[in-house]
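The structure appears below as structure tokens.
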Amino acid sequence: MMMGGLFFIVCVGFIGLFLGVVLDHFLPLFLNLGAAPRGSFGWPLVGETLRFLRPHASNTLGRFLEDRFSRYGKVFRSHLFWSPTIVSCDQELNHFILQNEEKLFQCSYPKPIHGILGKSSMIVVVGDAHRRLRNVALTLVTTTKSRAGYLDDIERIALHILGSWKKRVVFCEEARKFTFSVIVKQVLGLSPDEPQTAKILEDFLTFMKGLISFPLYIPGTPYARAVQARARISFTVKAILEERRKNGGGYNNKGDFLDVLLSITNLSEEEKVSFVLDSLLGGYETTSLLMSMVVYFLGQSSLSLEQLMREHKAIRANKKKDECLNSEDYKKMEFTQYVISEALRCGNIVKFVHRKALKDVRYKDYLIPSGWKVLPVFSAVHLDPSLHGSPLQFHPWRWEGQNQTACKKFTPFGGGPRLCPGSELAKVETAFFLHHLVLNFRLQDKALLSLKKRQSSA
């Protein structure tokens, strides 16, 4: 009897738990059945997250979005990342969401992202904390661009990376070496051959692997190793900051970004360290992905590659032998900018962002309920045939005469108050690297890079 009673209690408990999970999953749907956009919620707990995150080519929507788009239209409801969600593939709604940050919508990344990036990361903080950190980021960009040797550093590092190629290489790995060397130099003032640089890079690679892993903190898992790697990077960065502080860091020393950061009084030590990590992440991963996408798509478009080469040959023809590139040369790289923009459109490095509704929001004929997650999907707009002719085709000339900075149908760096502050730096790095790449190396067999130097530059 005792065992039977215990078994009955356990069964009742499990049934109660199951019903509670089901009710928690579907209750938001029932409460907003008539007002919210059409869609489906999937299974309790997981919802439709696994299908949404299923890997697919960057220049496609993926099966999940294609299916929901055909069934429900450009705006639909779902259940993603443990939350009832409105998914937007509509350029007007996406623009509306981005422009109403902190008014109607707020950044809302899943908790595991907070755990790995840190609670003070500019990517996850909101309100005044984000505004303070964004102002620091804008200061970094201004300080970096105004520094006398900024462009020379980029070109020197690019030539160093290209000069090290002795046999076939994996381009994405070489791009990461380049972007990491540049951002470490810009932010921490470290050269690629310094021991601290190698130490940070080793931990950073571990950190990056865990950033896209399953968020399970068990010793030995990629996520746990990433959290530990972040702690080691933080320790190293704190030591660098302390050393610079002992040496009289501030505006009166080197005048680089690290001195500017140390002189700011309205940031805590943890916020300063976290900001350095955010800068390394943004300058390393997204820029290297952009470079890799450019090379990949150029390898599939011989006409684009030929025009790009003509542009850079014309720039080099007006310079002395071994003369460095300058800001005026960068302004002449018009077609290069078209190539970069088209790679961003086709490559979709940032496919979507996480937001949540702060209050009930009316949009057209339906309601975005308060507290629901909202996902503006940039890739869906970038690949929309009603906005971009032949959207699957890599065609840089489509950007001729278009104002990309005020374009709702092109948001590779986000928009509104959270527009990426380092977007222009990424373009400069990519353009300078491309200059020496296309003048000294050949692209063969689509994206396969030939490491035999061109005869004209041997």
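The values are calculated or read from the model by the stated rules, or taken from the named source; none is laboratory data. Fair warning: this is a prediction, and the values are worked out from it, not measured in the lab. For neighbour counting, all protein chains shown are included, and Cβ atoms are generated from backbone atoms with ideal geometry for every residue, glycine included. Note: areas computed on protein heavy atoms with side chains; ligands, DNA, RNA excluded. Shrake-Rupley method; radii C 1.70, N 1.55, O 1.52, S 1.80 Å.
Listed values, structure above:
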item	result
Residue 324 - accessible surface, heavy atoms, 1.4 Å probe, Å² rounded to 10	60
Cα-based helix-to-principal-axis angle, 2-31 vs the chain, degrees rounded to 10	60
Rounded to whole Hz, the Karplus (6.51, -1.76, 1.60) HN-Hα couplings of segment 199-209, x for glycine and proline	5, 5, 4, 4, 5, 5, 5, 5, 4, 5, 5
Residues whose placed amide H lies under 5 Å from that of residue 352, excluding near-sequence neighbours	378
Over the chain - Rg/Rh using Cα atoms and the Kirkwood inverse-distance radius	1.01
Amide proton proximity set for residue 361, modelled H, under 5 Å, gap of 5+	368, 370
J(HN,Hα) series, segment 117-134, from Karplus relation 6.51 cos²θ - 1.76 cosθ + 1.60, nearest Hz, glycine and proline x	8, x, 5, 9, 5, 4, 5, 10, 6, 10, x, 4, 4, 5, 4, 5, 5, 5
Cα centre as origin, Lys/Arg/Asp/Glu Cβ charges: segment 31-99 dipole, Debye	180
Length gained when the stretch residue 128-residue 172 is fully extended (0.36 nm per residue, less Cα-Cα span)	12.2 nm
For segment 382-387, Karplus couplings with θ = phi - 60° (6.51, -1.76, 1.60), whole Hz, Gly/Pro x	5, 10, 7, x, 7, 10
Förster radius 51 Å - calculated FRET efficiency between residue 165 and residue 358, Cβ distance, rounded to 0.05	0.50
Antiparallel bridge percentage (DSSP; both residues within the chain; nearest 5)	75
Proximal charge balance of residue 417 [Cβ under 14 Å; K/R count +1, D/E count -1]	+3
Ellipticity estimate at 222 nm from DSSP helix runs (n ≥ 4, -39,500 (n - 2.57)) divided over the chain, nearest 500	-17000 deg cm²/dmol
Whole-percent pair-distance distribution, where bins are 10 Å wide, for the alpha carbons of segment 30-110	16, 45, 36, 3
Net charge of neighbours whose Cβ lies under 14 Å from the Cβ of residue 62, counting Lys and Arg as +1 and Asp and Glu as -1	+2
Hull shadow area, averaged, segment 252-353 [alpha-carbon convex hull, nm²]	10.0
Sparse-neighbour loop sites [GluC sites (Glu not before Pro); segment 338-426; at most 16 other C-beta within 10 Å; DSSP]	400
Spacing of the two label points (7 Å from each Cα toward its C-beta) at residue 199 and residue 247, in nm	1.5
Under 5 Å, built H, 5+ apart or other chain: amide partners of residue 374	86, 355, 356, 357
Förster-model FRET efficiency, 51 Å R0, residue 265 and residue 397, C-beta, rounded to 0.05	0.55
